[in-house]
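Each remark here refers to the structure printed beneath this line.
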Amino acid sequence: MKKIVSIGVVWLLLSKIVIGEIFYASAGLGLESSSDGRVTNGMNFILNGGVFFDKIIPNLALLGEGSYTLIPLSGNDGIGKNKNFTILNIGAYVGYRIKLRHTNIHVIPHIGVNYQKISDNIYNSNRTDGAEALSYGISGYFPLTNNLNVRLDIADKGDSNNMSIGVEFLF
């Protein structure tokens, strides 16, 4: 997994240097919930990055995202035992940027693959599961300055859903 992330970071940086396209990085906080709705919401920290290939295919984007639980999700295992979850997400997506008419708001529907590692503490023993899943969602951003945006993301990541808000920097 570390090799995949490293290759993605190097690829994004090279695409910026060689192709000269718009590159962005963002950080934010998100509300995380399980897809089955049986546990309480948690909070996570999210890092996003991406590159727009406007010189090749206008508005096409390659996006990457990583998140980790700050405040665990919690719930009951069905037989009276409490359960806390932490979730690590690493995803790669293809998206398409759409500018809303008569506004400065842009939306980016995206689809891709998400690796999700879920850890819990059932019966005071730690269990960790990792799996890849189809992930899709929509992002939106509003420019505050030429190089600074406010960003909102909503995504289905397989076993969890995420809604986050953050600050985005353009390079």
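The values are calculated or read from the model by the stated rules, or taken from the named source; none is laboratory data. Remember, it's a predicted structure, so these values are computed and weren't measured experimentally. Cβ sites come from the backbone with ideal geometry, for glycine too, and all protein chains shown count toward neighbours.
If I ask for residues that are modelled with pLDDT under 75, in contact with a strand residue (DSSP E or B) (Cβ under 7 Å, 6 or more places away or on another chain) and either acidic (Asp, Glu) or outside any strand (DSSP E or B) (or both), which ones from the stretch 72-99 would you list? Can you show your working first?
Step one: of the stretch 72-99, the residues modelled with pLDDT under 75 are 76-82.
Those left that are additionally in contact with a strand residue (DSSP E or B) (Cβ under 7 Å, 6 or more places away or on another chain): 76-77, 82.
Passing the criteria: only ASP77.
The set of residues in the stretch 1-24 being within 18 Å of the chain's Cα centre (by Cα) and at pLDDT 75 or above consists of PHE23, TYR24. Across the stretch 136-150, the qualifying residues are those that are surrounded by 12 or more Cβ atoms within 10 Å (Cβ to Cβ) and of a type in the set (Val, Ile, Thr), and the one among them that is nearest to the chain's Cα centre (by Cα) is ILE138.
Please verify whether the stretch 25-36 includes one or more residues that are at pLDDT below 85 and over 21 Å from GLU132 (Cβ atoms). Within the stretch 25-36, none of the residues are at pLDDT below 85 and over 21 Å from GLU132 (Cβ atoms).
Each residue in the stretch 45-60 was checked for being surrounded by 15 or more Cβ atoms within 10 Å (Cβ to Cβ), modelled with pLDDT of 90 or more and more than 10 Å from the chain's Cα centre (by Cα), and 1 pass. Screening GLY42 on (1) at pLDDT below 85; (2) buried (at least 21 other Cβ atoms within 10 Å of the Cβ) shows it passes everything except condition (1).
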